[in-house]
1. Starting from residues that are small (Gly, Ala, Ser) and assigned to a helix (DSSP H, G or I), keep the ones in segment 59-86 and report whichever is nearest to SER3 (Cα to Cα).
2. Against the conditions (1) within 17 Å of VAL152 (Cβ to Cβ); (2) modelled with pLDDT of 90 or more; (3) surrounded by fewer than 18 Cβ atoms within 10 Å (Cβ to Cβ), where does SER78 fall short? Just the number, please.
3. Kindly indicate which of LEU63, LEU26, LEU57, LEU46 is free of Cβ contacts under 8 Å to residues at least 12 places away in the same chain and not hydroxyl-bearing (Ser, Thr, Tyr).
4. Being part of a loop (DSSP other than H, G, I, E, B) and either charged (D, E, K, R) or out of contact with any strand residue (DSSP E or B) (no Cβ under 9 Å at 6 or more places or on another chain) (or both) is the filter here; which residues of segment 1-37 pass it?
5. Going residue by residue through segment 52-67, is there one that turns out to be of a type in the set (Asp, Glu) and buried (at least 18 other Cβ atoms within 10 Å of the Cβ)?
6. Could you say which residue among ALA168, ALA197 is among the hydrophobic types (A, V, I, L, M, F, W, C), part of a helix (DSSP H, G or I), under 22 Å from ILE80 (Cα atoms) and modelled with pLDDT of 80 or more?
7. I'm trying to understand the selection: among the residues of segment 67-117, which are within 20 Å of GLU164 (Cα to Cα) and charged (D, E, K, R)?
8. Six or more apart or on different chains, Cβ under 8 Å: which pairs go from a residue in segment 87-114 that's at pLDDT 90 or above and in a helix (DSSP H, G or I) to one that's surrounded by fewer than 17 Cβ atoms within 10 Å (Cβ to Cβ) and of a type in the set (Gly, Ala, Ser)? Could you list them?
Amino acid sequence: MISLLTGTVRSLTSDRAILEVGGVGLSVVLTPSTTAQITLGSQQQLFTSLVVREDSLTLYGFLTDEAKGLFELVQTVSGIGPKVAMSIVGAMSPEDLGRAISQEEISVIEKVPGIGRKGAQRLILELKGKLTDLSSNQTYKGHQPAWREKLVSGLTSLGFSPKEADGAITDVVATLSSEGIDASTKDLSELLKMALASGKSSRG
């Protein structure tokens, strides 16, 4: 996974940049507010998220790890793909979105291009509780720990949806912490077994 790039900006338009890294030019999709803060010919660091499709590999770039984390998180909501996720990141900061979700401000979220009222309602329904720390001025930890990311990808490859995988892992973490065990200290295969068992019981 390409998660960070540092290189020279060789080309810049309103929605993308070409970053030369080690002699290779990488095209990175950006929000207009991001491109406004980048200068052609300068050295630039971008946090990136690689979206893989059958017919394409697309890199999306962000100035902060928080914005990248938000981009990845909103895509766990059903019906939201990278294009709409970029609209959300371009229109709202993680703090703004966290506040709008915790206070269920549908009218604020539906103004984001491509979302609409139903999308705003889904966003609130599926992300409420996951973004609470955004509205209380705490540091937003948008990026999941590596073990959790591996677990999510393991479960999704076994047929879980990202949302089901997240729920199963949250259950496992809660179970372990009630026994005074830190999930990150457990073996990955053991966590996967527990998450599978948890997922099966919640699926019925």
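The values are calculated or read from the model by the stated rules, or taken from the named source; none is laboratory data. In this text the structure is predicted, and so the values were computed from the model without any measurement. Counting neighbours? That spans all protein chains shown, and the Cβs are built from the backbone with ideal geometry, glycine included.
1. Kept after step one, since they are small (Gly, Ala, Ser), are these residues of segment 59-86: 61, 67, 69, 78-79, 81, 85.
Still in the running and assigned to a helix (DSSP H, G or I): 67, 69, 85.
Numbers: ALA67: 13, GLY69: 11, ALA85: 17 Å.
That would be GLY69.
2. With respect to (1) within 17 Å of VAL152 (Cβ to Cβ); (2) modelled with pLDDT of 90 or more; (3) surrounded by fewer than 18 Cβ atoms within 10 Å (Cβ to Cβ), SER78 is out only on (2).
3. On the way: LEU63 fails: free of Cβ contacts under 8 Å to residues at least 12 places away in the same chain; LEU26 fails: free of Cβ contacts under 8 Å to residues at least 12 places away in the same chain; LEU46 fails: free of Cβ contacts under 8 Å to residues at least 12 places away in the same chain.
Matching residue, one of LEU63, LEU26, LEU57, LEU46: LEU57.
4. Taking segment 1-37 as the starting set, the residues that turn out to be part of a loop (DSSP other than H, G, I, E, B) are 1-3, 13-15, 22-23, 30-31, 36-37.
Across segment 1-37, the qualifying residues are THR13, SER14, ASP15, GLY23, ALA36, GLN37.
5. Let us first name the residues in segment 52-67 that are of a type in the set (Asp, Glu), namely 54-55, 65-66.
Now restrict to residues that are buried (at least 18 other Cβ atoms within 10 Å of the Cβ): 66.
Within segment 52-67, one or more residues are of a type in the set (Asp, Glu) and buried (at least 18 other Cβ atoms within 10 Å of the Cβ).
6. Working: ALA197 fails: under 22 Å from ILE80 (Cα atoms).
Just a single option satisfies the conditions, and that option is ALA168.
7. Passing the criteria: only GLU72.
8. SER87/GLY114; GLY90/SER33
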